[in-house]
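Please read the structure below before turning to the comments.
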Amino acid sequence: MRSYHGSDFYDNDTNFKKYMERRQGQENANDTLEKPVIWQLLEDISDRHVLDLGCGDAGFGVELLNKGCAAYVGIEGSRNMVEAASSNLADYNNGTVVHTRIEEFAYPRDSYDLVLSRLAIHYLQDIERVFQCIHQCLKRNGRFVFSVEHPVITSTLQPSGTRTNWVVDNYFSEGYREQQWLGGTVQKYHRTVEDYFRAMQDAGFIVEQLRESRPVREHFLNEETYERRCRIPLFLFLAGRKSV
Ligand SMILES: C[S@@+](CC[C@H](N)C(=O)[O-])C[C@H]1O[C@@H](n2cnc3c(N)ncnc32)[C@H](O)[C@@H]1O
């Protein structure tokens, strides 16, 4: 079976359809676990210029624009996602999406107040260079906030589906992984918590927050789903600031 680079995976129409169905499903992990922490980390976004790496369908861009951010630029490698994002942003003259890979975007210097990335960075092979580009493109005091699949998950990727047990193995063997996910094979990169933290510092960021996706009962309709989510962290978050 063909194995796909992160954004190419979503250009397979079957994978794209399955992903969108799951993403919009009731009690999906993104909305119950990931998004609430992202909102806490973003702080005040009014009048901010925002760059969103791996923006998907830019549904979150629409939320940011509706909450008063000054301008939103989404970067997205998948053509299917870019089409969905263009349609979602059509009514906003201060919202755009650029079809390119995160690694290839021409990051303009000192331009953004906030660089955001939700669940895309674990698809990147070289985060050191990308984090330097992100640092350069932020204005002074600008912030970088991102989420990734938690390293206890990416260490030993198992097929998608409802699990009753987990394996954490090869934790300190950073690098390439493949996962059977939504019926396809996708390429990801595993790093330890320490690797992400150090990559932020090496790029020049002051790391201000580190979070995990601790479940909050009110975000779940179903007690069983909540209890299952209490077993293992799905996501890791870091937030840093450019001080110079
Ligand atoms: C799990 S989805 C998350 C989408 C969106 N950030 C959200 O949270 O709804 C990951 C997205 O990152 C994009 N992506 C992955 N690797 C990428 C790369 N190297 N360059 C640009 N986009 C990439 C994928 O195409 C996909 O839309």
What's the total number of residues in the stretch 68-96 that are among the hydroxyl-bearing types (Ser, Thr, Tyr) and within 13 Å of the ligand (Cβ to nearest atom)?
2
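Can you go through Asn170, Asn222 and tell me which one is in contact (Cβ under 8 Å) with a residue 24 or more places away in the chain and open to solvent by 20 Å² or more (accessible area, probe 1.4 Å)?
Residue meeting the stated conditions: Asn222.
Between Asn141, Asn165, which is of a type outside the set (A, V, I, L, M, F, W, C), open to solvent by 20 Å² or more (accessible area, probe 1.4 Å) and touching a residue at least 12 places away in the same chain (Cβ under 8 Å)? Give the steps one after another, and end with the answer.
On the way: Asn165 fails: touching a residue at least 12 places away in the same chain (Cβ under 8 Å).
The unique qualifying residue is Asn141.
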Say we look at the stretch 1-10 and pick out the residues that are modelled with pLDDT under 90 and part of a loop (DSSP other than H, G, I, E, B); which of these is nearest to Glu83 (Cα to Cα)?
His5
For the stretch 44-51, state whether one or more residues are within 14 Å of the ligand (Cβ to nearest atom) and either open to solvent by 40 Å² or more (accessible area, probe 1.4 Å) or in contact with a Phe, Trp or Tyr (Cβ under 9 Å, 6 or more places away or on another chain) (or both).
yes
Top-ranked residue of the stretch 121-133 - restricted to ones that are within 25 Å of Tyr4 (Cα to Cα) and open to solvent by 60 Å² or more (accessible area, probe 1.4 Å), ranked as farthest from the ligand (Cβ to nearest atom):
Glu128
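Looking only at residues in the stretch 108-120 that are assigned to a loop (DSSP other than H, G, I, E, B) and farther than 27 Å from Tyr19 by Cα, which one is farthest from the ligand (Cβ to nearest atom)? So that I can check it myself, show each step before the final result.
Initially, the stretch 108-120 is screened for residues assigned to a loop (DSSP other than H, G, I, E, B), giving 108-111, 119-120.
The next check asks that each one be farther than 27 Å from Tyr19 by Cα; those that pass are 108-111.
On the way: Pro108: 17, Arg109: 20, Asp110: 22, Ser111: 18 Å.
Here the answer is Asp110.
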Of the residues that make up the stretch 175-195, is at least one within 12 Å of the ligand (Cβ to nearest atom) and of a type in the set (A, V, I, L, M)?
yes
Exactly one condition in (1) more than 25 Å from Pro36 (Cα to Cα); (2) open to solvent by less than 30 Å² (accessible area, probe 1.4 Å) is false for Asn93; which is it?
(2)
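What about Ala90, is it of a type in the set (Gly, Ala, Ser) and free of Cβ contacts under 8 Å to residues at least 12 places away in the same chain?
yes
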Confirm whether Ser147 is open to solvent by less than 40 Å² (accessible area, probe 1.4 Å), touching a helix residue (DSSP H, G or I) at 6+ places or on another chain (Cβ under 7 Å), within 16 Å of the ligand (Cβ to nearest atom) and within 21 Å of Leu238 (Cα to Cα).
yes
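Look at Phe105 and say whether it is open to solvent by 30 Å² or more (accessible area, probe 1.4 Å), within 16 Å of the ligand (Cβ to nearest atom), of a type in the set (Phe, Trp, Tyr) and touching a strand residue (DSSP E or B) at 6+ places or on another chain (Cβ under 6 Å). Talk me through it step by step, then tell me what you get.
Numbers: open to solvent by 30 Å² or more (accessible area, probe 1.4 Å): yes; within 16 Å of the ligand (Cβ to nearest atom): yes; of a type in the set (Phe, Trp, Tyr): yes; touching a strand residue (DSSP E or B) at 6+ places or on another chain (Cβ under 6 Å): yes.
Yes: the conditions hold for Phe105.
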Consider Arg140 carefully, then state whether it is within 30 Å of Ile45 (Cα to Cα) and of a type outside the set (Ser, Thr, Tyr).
yes
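The values are calculated or read from the model by the stated rules, or taken from the named source; none is laboratory data. Since the model is a prediction, treat every value here as computed from it, not as a measurement. So basically every Cβ, Gly included, is an ideal-geometry build from the backbone, and we count neighbours across all protein chains shown. To get the accessible areas, we keep the full protein, side chains included, count just its heavy atoms, and leave off ligands, DNA and RNA. Shrake-Rupley method; radii C 1.70, N 1.55, O 1.52, S 1.80 Å.
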